[in-house]
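Accompanying notes for the structure given below.
The values are calculated or read from the model by the stated rules, or taken from the named source; none is laboratory data. Just so you know, these numbers come straight off a predicted model, no measurement behind them. Cβ: placed from backbone, ideal geometry, glycine included. Neighbour counts: every protein chain shown. Just so you know, the surface numbers come from the protein's heavy atoms only, side chains and all, with ligands and any DNA or RNA stripped out. Shrake-Rupley method; radii C 1.70, N 1.55, O 1.52, S 1.80 Å.
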Amino acid sequence: MDKKALEALLHDMSTEEKVMQLVQIPGSEYEADAEITGVERGRADEKVKRLAGSTLGIWGAQRLKNIQERYMKEHPHHIPLMFMLDVIHGHKTVLPCPLGQGAAFDPEGAEKGAAMQAYEAAEDGVHVTFSPMSDLCRDARWGRIMESTGEDKYLNSLMASAMVEGYQGGDLKDPRHMAACVKHFAAYGACEGGRDYNNTELSEHTLREHYLRAYGEAVKKKPAMVMTSFNTVNGIPATGNTFLMKKILREEFGFQGVLISDWGAVGEMVNHGYAEDKKDAALKAMNAGVDIDMCSGCYSTYLEELVKSGAVSEKMLDEAVYRVLSMKNDLGLFEDPFRGIDAEKGATVTGESRQLARETVAKSLVLLENRNGALPLRKEKNAFIGPYANTKKLQSSWAFSGDDENTVTVFEGASEVYEPDDIRFSNGCTMLDQDTVTARGKYHTDNWQEENDRLLREAVKTAEWADTVILCLGEDSTQSGEAASKTCLKLPAVQLRLLHEIKKTGKRIVTLIFTGRPLELKEVGDLSDALLICWLPGTEGGHGIMDVLTGKVSPSGRLPVSFPYTVGQEPLHYDIYSTGRPRPESGPTEFTSRYLDCENGALYPFGYGLSYTSFEYGKPELSAEKMTYEENITASVKVRNTGKVPGDATVQMYIRDLSGSRIRPVRELAGFKRISLNPGEEEEVSFVIKEEMLRFWTADGKWESEPGKFHVWLCDSSIDGEALEFRLEKS
Ligand code: BGC
């Protein structure tokens with residue numbers, strides 16, 4: 001439809017019809033068995049169902065086709081319904097959770113993954129995904145850290161941008177793609193105490209320099225939609241926050257697409273104490289520029305009245321509705337409300353999607369310890385023990401459209417590469433301690449103690465038979481994700497008991513950790529010969545993990561978040577500011593900024609990860625000691641594979657501005673490159689440093705760089721390398 005026709009359509013619509021384009025209702029309104037992620041809020045009346053512009057949480061080619069047919073027939077202007085779904089890290093083929101994808105340090109791979117997800121979801125009738133989640137997260141207590149790509153603004157920016165491009169492709173009309181939604185705007189990841197839905201307090205400079213960056217970069221890729229967040233930012237709920245939505249998102253970022261609230265967030269402004277009642281909430285959300293009200297009922301109940309009374313102008317309403325209609329138009333829905341879906345076929349896992357998922361899993365695994373050559377596994381007796389050894393529950397709580405039966409377990413993967421006589425499996429213990437509270441209720445099994453004693457006896461026997469025990473431990477997938485904040489980052493006690501008992505057998509222990517968040521792993525690392533972080537790896541988990549365990553692929557993932565010694569260090573991140581009394585690396589530490597009982601930094605820092613081979617970094621070099629605003633300089637380093645097997649190195653560049661009108665972090669990631677090297681092979685890796693990379697939110701409230709001294713590191717993680725110095729000068 002051209003612009004004129006779209007405007008004519010808008011002109012022809014009644015106020016009620018227009019308002020309803022801004023209303024989203026759950027798919028359960030149309031289908032009894034839809035997956036509903038939020039809090040059920042009663043059923044919408046028939047009129048709302050007939051006119052609501054979009055729905056969420058349902059999929060399936062035939063199902064959605066039927067709903068669309070029925071809906072369009074009844075809609076006065078036959079405007080198609082828009083179907084949205086949380087396709088967060090996979091639809092049918094489930095990739096590693098976003099935190100795992102962050103660990104791959106591979107934006108190109110993330111783009112391919114997003115394109116694959118778009119293809120599958122679009123085949124199932126889905127038009128829009130609520131992804132990428134671009135929230136910067138420095139707090140492992142927050143369950144939704146699993147949905148982020150980590151603690152670093154630069155990595156998150158690249159990942160979110162790549163995902164938008166992958167989901168959307170070049171043209172939204174292409175039915176193999178779907179619209180992306182950058183969320184949750186803004187600063188949801190900074191919720192106080194790591195407690196979900198909690199308030200955030202951030203200075204403008206922290207907000208702009210760190211928390212807003214990834215959203216801003218992703219918006220440059222023109223996502224069709226942005227979602228508000230549940231939290232308040234400096235005392236104002238994001239969903240009613242005109243500074244965030246109008247000044248930053250629309251004016252500064254230039255976002256022209258549709259702004260949707262998070263689930264129920266418009267109505268929640270009453271609980272926040274920001275709106276007097278739901279009508280006031282609708283008014284405040286409209287004033288902030290929220291186009292679609294996801295499931296709070298505030299717009300459907302009060303917006304028409306607000307428009308009729310003049311509290312909300314017709315112009316404001318029309319602008320919002322026009323954005324929604326334009327999005328439907330961009331998706332090609334007016335030409336083909338079914339976007340070419342084959343209702344009979346729908347989406348399936350394919351050989352190709354499995355292959356991509358398998359490679360992504362292998363790239364996402366982070367090797368934290370490898371003593372006495374424990375990995376790769378030898379051709380000897382290997383026992384796979386633990387609640388994660390043979391479970392199909394390898395996807396997160398946000399991968400509900402993926403089917404567990406397609407998942408390859410670790411033991412199934414092992415069975416494909418080893419002779420049956422050479423491997424054994426044992427559950428070892430239950431997944432959780434009795435009565436553990438999860439996001440999906442209390443974990444409870446009958447005869448928990450007897451069952452665990454029996455499983456332990458069996459596991460010890462299995463371990464005694466083996467040469468190496470591959471111990472598969474971790475958090476349950478219901479312990480991370482939405483509404484899954486925790487104050488304890490240790491493995492369940494029943495799993496730690498298993499580890500201690502297996503240790504007593506004297507066998508080599510390779511521990512695999514399945515998790516959606518950083519955990520406290522000091523004890524686990526000390527008791528294990530090797531420690532491998534597997535995240536929540538998804539459909540091809542068992543294959544990708546076995547590729548790494550057997551040495552077919554050398555591990556190459558890097559931590560996208562700091563793993564703490566103890567939860568007491570949280571929030572924890574590498575890009576901190578120096579205090580006036582930094583803790584010295586050696587010598588007395590009294591009266592310096594430190595903990596009496598713990599290191600300041602992470603047990604396993606950001607950017608860290610081992611390989612089966614070793615890399616030697618040559619002396620890094622700068623093309624010049626000075627740069628100007630017009631002339632770039634280049635930092636380069638030679639990296640050699642000094643080990644015996646091929647492997648990928650992730651060369652990282654960090655920069656520090658030594659002094660400024662506002663203090664600057666001790667290090668900030670400014671570039672990285674993944675390179676593959678054969679044994680003995682060497683490659684020179686170069687990064688161009690441009691003036692714009694040195695800009696920050698100055699004391700005067702401007703994005704500018706300031707002349708002066710800088711340090712740059714080309715290294716293997718956020719804590720190593722030697723600094724080179726250069727100056728930025730005005731020419
Ligand atoms: C979550 C969003 C999600 C939405 C729709 C909310 O509870 O915060 O991330 O996209 O539900 O399912």
Considering only C-alpha atoms, what is the centroid distance from the range 62-90 to the range 152-219, in Å?
26
Each label point is 7 Å from the Cα along the Cα-to-Cβ direction; what then is the distance between the points at TYR577 and ASP342, in nm?
5.8
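Let's test the formula: R0 of 60 Å, r as the Cβ-Cβ distance of ARG457 and GLU681. What FRET efficiency results, to the nearest 0.05?
On the way: r = 50 Å, r/R0 = 0.83.
With a Förster radius of 60 Å, E is 0.75.
For the pairs LYS284/LYS315; LYS173/LYS393; LYS381/LYS490; LYS284/LYS486; LYS183/LYS247, note any where the Cα-Cα span goes beyond 23 Å. Let's see the in-between values first.
Values: LYS284/LYS315 16 Å; LYS173/LYS393 35 Å; LYS381/LYS490 29 Å; LYS284/LYS486 32 Å; LYS183/LYS247 17 Å.
From LYS284/LYS315; LYS173/LYS393; LYS381/LYS490; LYS284/LYS486; LYS183/LYS247, over 23 Å: LYS173/LYS393; LYS381/LYS490; LYS284/LYS486.
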Gain in span if fully extended, GLU464 to LYS638, counting 0.36 nm per residue against the direct Cα distance
58.0 nm
Using θ = phi - 60° and Karplus 6.51 cos²θ - 1.76 cosθ + 1.60, couplings along the range 433-441 (whole Hz; Gly, Pro as x):
6, 4, 6, 5, 8, 10, 5, 10, x
For GLU725, put the label point 7 Å out on the Cα→Cβ axis and report which residues of the range 634-670 keep their amide N under 14 Å from it.
656-659
Please give the length that would be gained between CYS488 and LYS173 if that part of the chain were fully extended, namely 0.36 nm times their separation in residues minus their C-alpha to C-alpha distance (nm, one decimal).
108.8 nm
To the nearest 0.05, what FRET efficiency results for ASP700 and LYS673 with a Förster distance of 45 Å applied to their C-beta separation?
0.85
Between rounded, prolate and oblate, where does the range 351-565 land on the alpha carbon gyration tensor, with a ≥ b ≥ c its root eigenvalues, rounded for a/c under 1.5, else prolate if a/b exceeds b/c?
rounded
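Decide, for the chain, between rounded, prolate and oblate: order the square roots of the alpha carbon gyration tensor eigenvalues as a ≥ b ≥ c, take rounded if a/c falls under 1.5, and otherwise choose prolate if a/b is larger than b/c, else oblate. Provide the component values of the computation, followed by the final result.
Working: a/c = 1.76, a/b = 1.28, b/c = 1.38.
Here the chain falls in the oblate category.
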First measure r as the distance between the Cβ atoms of LYS626 and LEU202, then evaluate 1/(1 + (r/R0)^6) with R0 = 35 Å and state the FRET efficiency to the nearest 0.05.
0.50
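Quick check: residue separation of GLU416 and GLN256 times 0.36 nm, minus the Cα distance between them. What number comes out in nm?
On the way: separation 160, 0.36 × 160 = 57.60 nm, distance 5.03 nm.
Length gained between GLU416 and GLN256: 52.6 nm.
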For ASP421, solvent-accessible area (1.4 Å; no DNA, RNA or ligand), Å²
130
At MET72 and SER593, where each label point lies 7 Å from the Cα along Cα→Cβ, what is the point-to-point distance in nanometres?
6.0
Would you mind pulling out the separation of the Cα centroids of the range 710-731 and the range 629-679, in Å?
9
Which value, in Å², gives the accessible area per residue of the chain when a 1.4 Å probe is used on the protein heavy atoms?
38
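When only the heavy atoms of the protein chains count and the probe is 1.4 Å, how do HIS78, HIS184 rank by accessible area, highest first?
So the residues, ranked largest to smallest area, are HIS78, HIS184.
Looking at the square roots a ≥ b ≥ c of the eigenvalues of the Cα gyration tensor of the range 576-731, which shape do they give, rounded for a/c under 1.5, prolate if a/b is larger than b/c, or oblate? Mind dumping the intermediate values first?
On the way: a/c = 2.39, a/b = 1.17, b/c = 2.04.
Oblate is the answer for the range 576-731, as a/c is 1.5 or above yet b/c matches or exceeds a/b.
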Check: C-alpha center the range 447-473 vs C-alpha center the range 495-560, spacing in Å is 16
Check the straight Cα-Cα distances from LYS619 and name the lysines below 19 Å, setting aside those fewer than 8 residues away within the same chain.
LYS638, LYS673
